[in-house]
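The values are calculated or read from the model by the stated rules, or taken from the named source; none is laboratory data. None of the values given here were measured: they were computed from a predicted structure. Backbone-built Cβ (ideal geometry, glycine too); neighbour counts: all protein chains shown. For the accessible areas, the whole protein counts, side chains as well, though only heavy atoms, and no ligand, DNA or RNA atoms are used. Shrake-Rupley method; radii C 1.70, N 1.55, O 1.52, S 1.80 Å.
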Amino acid sequence: GAGVSQSPSNKVTEKGKDVELRCDPISGHTALYWYRQSLGQGLEFLIYFQGNSAPDKSGLPSDRFSAERTGGSVSTLTIQRTQQEDSAVYLCASSIQGAGREQYFGPGTRLTVT
Amino acid sequence: DQQVKQNSPSLSVQEGRISILNCDYTNSMFDYFLWYKKYPAEGPTFLISISSIKDKNEDGRFTVFLNKSAKHLSLHIVPSQPGDSAVYFCAASDGTGANNLFFGTGTRLTVIP
């Protein structure tokens with residue numbers, strides 16, 4: 001009965017480098033979300049995947065951000081040419097479509113861009 | 001543009017007393033509201049929710065009240081326990097196909113033993 005898992009838990013990178021963050025959703029959950037929480041802010045929606053449908057990318061802050069979800073399960077969020085303002089906790093959540101609106105979150109990846 | 005607002009960044013309450021956490025929203029299309037609890041170094045954990053067709057939902061020590069005309073909801077915890085100390089986030093959904101959640105900035109609750 002594993003929950004949502006994310007890796008790495010912490011990532012420190014130099015400005016300009018690319019990073020990849022991974023999310024393993026709860027088995028059977030068809031919906032997957034990425035959010036980020038910057039210091040002192042609420043959770044900011046980034047991207048949403050639902051089954052085989054085209055993802056909702058409306059929350060991605062720039063074209064340096066992209067995400068994919070392979071086989072309807074694991075998802076990877078990629079940030080290219082990282083900037084200091086990308087420093088945040090990146091949270092992944094999954095949910096069962098139609099089962100209310102509750103989303104179940106992973107522990108997050110804390111990204112620090114130096 | 002913050003559509004969900006939690007204007008109190010922190011709240012301290014004595015153990016055994018009632019904790020009241022408040023949340024305001026601006027989007028009249030929101031039709032479902034949730035409260036999440038977050039401990040340090042962990043992801044948010046779902047706590048309780050309420051649909052806009054109701055004005056109250058209760059689950060044990062936790063009750064959420066919704067006042068649609070005021071675009072206001074609150075979470076009551078009674079009696080408060082030290083283990084309730086955490087950051088509480090209010091969230092809302094406007095029922096689009098994405099079921100995207102809009103979050104407030106959180107209120108840090110400290111329950112003093």
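In the set (1) out of contact with any strand residue (DSSP E or B) (no Cβ under 6 Å at 6 or more places or on another chain); (2) of a type in the set (A, V, I, L, M); (3) under 17 Å from B:Phe89 (Cα atoms), the condition left unmet by A:Ile96 is number (3). Note on segment B:59-113: residues that are in a strand (DSSP E or B), within 14 Å of chain A (Cβ to nearest Cβ) and within 16 Å of B:Lys37 (Cα to Cα) amount to 14.
Restricting attention to segment B:14-46, the residues being in a strand (DSSP E or B) and either buried (at least 19 other Cβ atoms within 10 Å of the Cβ) or in contact with a Ser or Thr (Cβ under 7 Å, 6 or more places away or on another chain) (or both) number 13. Picking from A:Gln6, A:Gln103, which residue would you name as being open to solvent by less than 30 Å² (accessible area, probe 1.4 Å), within 28 Å of B:Phe33 (Cα to Cα), modelled with pLDDT of 95 or more and not hydroxyl-bearing (Ser, Thr, Tyr)? Just a single option satisfies the conditions, and that option is A:Gln6.
Let me spell it out: the conditions are (1) touching a residue at least 12 places away in the same chain (Cβ under 8 Å); (2) over 10 Å from the mean Cα position of the chain (by Cα), and B:Val64 meets all of them except one. Which number is the exception? Of everything listed in (1) touching a residue at least 12 places away in the same chain (Cβ under 8 Å); (2) over 10 Å from the mean Cα position of the chain (by Cα), B:Val64 misses just condition (2).
Would you be able to say whether some residue in segment B:65-87 is surrounded by fewer than 21 Cβ atoms within 10 Å (Cβ to Cβ), modelled with pLDDT of 95 or more, at negative phi and touching a helix residue (DSSP H, G or I) at 6+ places or on another chain (Cβ under 9 Å)? No; the residues of segment B:65-87 include none that is surrounded by fewer than 21 Cβ atoms within 10 Å (Cβ to Cβ), modelled with pLDDT of 95 or more, at negative phi and touching a helix residue (DSSP H, G or I) at 6+ places or on another chain (Cβ under 9 Å).
Could we say that A:Ser62 is within 14 Å of another protein chain (Cβ to nearest Cβ), without any contact (Cβ under 8 Å) to a residue 24 or more places away in the chain and assigned to a loop (DSSP other than H, G, I, E, B) here? Judged against the criteria, A:Ser62 is not a match.
For segment A:65-112, the candidate set comprises residues that are within 14 Å of chain B (Cβ to nearest Cβ), touching a residue at least 40 places away in the same chain (Cβ under 8 Å) and part of a loop (DSSP other than H, G, I, E, B); within that set, the residue that is farthest from A:Arg22 (Cα to Cα) is A:Gln97. Looking only at residues in segment B:1-13 that are within 14 Å of the chain's Cα centre (by Cα) and in a strand (DSSP E or B), the one that is surrounded by the most Cβ atoms within 10 Å (Cβ to Cβ) is B:Val4. Regarding segment B:14-26, can at least one residue be identified that is farther than 30 Å from A:Gln6 by Cα, free of Cβ contacts under 8 Å to residues at least 60 places away in the same chain and among the aliphatic types (A, V, I, L, M)? Within segment B:14-26 (the criterion being farther than 30 Å from A:Gln6 by Cα, free of Cβ contacts under 8 Å to residues at least 60 places away in the same chain and among the aliphatic types (A, V, I, L, M)), the answer is yes, since at least one residue qualifies. Within segment A:31-59, the set of residues being surrounded by fewer than 18 Cβ atoms within 10 Å (Cβ to Cβ) and not basic (Lys, Arg) comprises A:Ser38, A:Leu39, A:Gly40, A:Gln41, A:Glu44, A:Gly51, A:Asn52, A:Ser53, A:Ala54, A:Ser58, A:Gly59.
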